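Working notes, structure below.
The values are calculated or read from the model by the stated rules, or taken from the named source; none is laboratory data. Model, not experiment: these values are computed from the prediction. Here the Cβ positions follow ideal geometry from the backbone for every residue, glycine too, while neighbour counts run over all protein chains shown.
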Amino acid sequence: MNQYLGGDRIRVASLFWDDRQTPNANSGMPWNMSRALQNANCEVIPILIGKTPFPRGSRLFEDSGSNRMLKGLSYLGSQVRNRRDDLFHRRVFARLMEEARLTAGRGARGLAEIECDVIFGSGMSIPFAYLSSQVPIIYATDATARLLIDSYPKVAALGKGRRAAILDQETRAIANSDVVVVPSGYCRRSMIADHGAREEQVSIVPLGANIEPESSIFLPAPAPKDRRLDLLLCAADPERKQLRLAAAVVRELRNRGWHARLHYIGPKHACCAFPEVAWAGELCLGDPDDSRRHRSLLKSCHFSFLPSLSEMYGIAPIESAAYGRPAIVSDVGGLSTVVEDGVTGRVLPLQTPISGWADAIEAILAFPQRYEIMSKAAHRRYAEVLNWDVWGQTVRGLAETAIRSRSAREDSGRPG
């Protein structure tokens, strides 16, 4: 592996799970991060290390299908597995840690065949826990294992051995990395308090949008006319993101005389039958027709709405900001990093009643100028902070610093 000398392209060896190289994987993070690094004059060299293992892979959070019987069987299977893991938690822990060592070994073999200046991985705590390297390691994630366990019931329900393994893998990966890149202060605090990261090791670099404008957009976004109001909620997990509450808020706005409608992107749900809900389908990021449909909704809706019970970060409000649409969100997780309360939208306490959510929306719309100011501010924050080009340039800078620091340490350790 050659050492980067500055000025030229940085060669980034990026670890990928074999089945996670699509725009839909992991909220689009690995895909968009690779593109962002390429746009920042980095040569990204993919290193495939096998299929995504449970529990850190997408299957943990994805719906098991629309068929109720399949869902039920999946749930029963997970319950049996979790109870078994509780009984044999030491054995389960040892097996998962051994799998991490084997995964790191596959990564090391792939790295031995190339020359690179830095190693990068998005959500790669499993191989990074045991990967040794002569070049700096940059670990990027939007969550910590501790936050996942505390925020997601499915993760909290895992057996004792699995929970212990993902916590230990996270802590080891952080200790093994030169730089840890997270999108929010919420995640950074957990890295330091829960997993022993050094303060100077963890950098906050906000993420960008999965859906972006294809060309310049009209700003400010036009305020609602004739009391017609459209809200957009994107939710892969409609329960956690409170689709029912969102529908109730729109119902309250209708009772106040608004011709309000909630446009919902996500899996089919009982709320899809409500008269105030317009279901757009799940929409796949990699499908051109779905992307056009998503862009059309971002253009036509007045607000992004995300009253989540928990949220590691929140991509949907960034996408609405890209179109100059303010966002109304709850004060959980990283959402307050994405939305500036009173500037680019509203960040309300999770316990806010239905009437309070409606009040906040009406207050913004009380004067068209107020909505237009928020529209411009939301798009400005997207253009200056919440986009993948900024992410790529910032992480490239962190990579350059890490390379120089590693080189200086090595030079200081050599005999004169």
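If you filter the range 222-231 down to residues that are in contact (Cβ under 8 Å) with a residue 40 or more places away in the chain and not in a loop (DSSP other than H, G, I, E, B), you find that the one that is farthest from the chain's Cα centre (by Cα) is LEU229. Within the range 354-383, residues that are charged (D, E, K, R) and buried (at least 16 other Cβ atoms within 10 Å of the Cβ) sit with their Cβ atoms under 7 Å from residues that are assigned to a helix (DSSP H, G or I) and modelled with pLDDT of 95 or more, at 6+ positions apart or across chains, in these pairs: ARG381/ALA321.
Do any strands (runs of 3 or more DSSP E) lying entirely in the range 241-354 carry at least 2 residues that are within 29 Å of VAL181 (Cβ to Cβ), and which ones are they? Passing ranges, in order: 303-306, 327-330, 345-348. When you check LEU219 against the structure, is it in contact (Cβ under 8 Å) with a residue 60 or more places away in the chain, more than 21 Å from ALA143 (Cβ to Cβ) and part of a strand (DSSP E or B), yes or no? No. Among the residues of the range 286-313, the one identified as in contact with a Ser or Thr (Cβ under 7 Å, 6 or more places away or on another chain) and surrounded by fewer than 17 Cβ atoms within 10 Å (Cβ to Cβ) is GLY286. Residue check: ARG59 meets all listed conditions (1) of a type outside the set (Asp, Glu); (2) closer than 27 Å to MET191 by Cβ; (3) modelled with pLDDT under 95; (4) in a loop (DSSP other than H, G, I, E, B) but one, namely (4).
Residues that are out of contact with any helix residue (DSSP H, G or I) (no Cβ under 7 Å at 6 or more places or on another chain) and in contact (Cβ under 8 Å) with a residue 40 or more places away in the chain within the range 259-281 comprise PRO267, LYS268, listed in sequence order. For the range 32-46, a residue qualifies if it is of a type in the set (A, V, I, L, M, F, W, C) and within 9 Å of VAL12 (Cα to Cα), and the qualifying residues are LEU37, CYS42, VAL44, ILE45. Restricted to the range 117-193, the set of helices (runs of 4 or more DSSP H) holding at least 2 residues that are buried (at least 21 other Cβ atoms within 10 Å of the Cβ) comprises 125-128, 145-151, 160-176.
Within the range 168-196, residues that are without any contact (Cβ under 8 Å) to a residue 60 or more places away in the chain reach partners that are in a strand (DSSP E or B) and not hydrophobic (A, V, I, L, M, F, W, C) with beta carbons closer than 6 Å, at six or more positions or on different chains, in the pairs ALA173/TYR139; SER177/TYR139; VAL180/TYR139. Condition first: touching a Lys or Arg at 6+ places or on another chain (Cβ under 8 Å) and on the phi < 0 side of the Ramachandran plot. Now tell me which residues in the range 27-55 satisfy that. Of everything in the range 27-55, those that are touching a Lys or Arg at 6+ places or on another chain (Cβ under 8 Å) and on the phi < 0 side of the Ramachandran plot turn out to be PRO30, LEU37, ALA40, CYS42, GLU43, ILE45, ILE49, THR52, PRO55.
ALA402: assigned to a helix (DSSP H, G or I), of a type in the set (A, V, I, L, M) and under 25 Å from the mean Cα position of the chain (by Cα), yes or no? Answer is yes for this residue.
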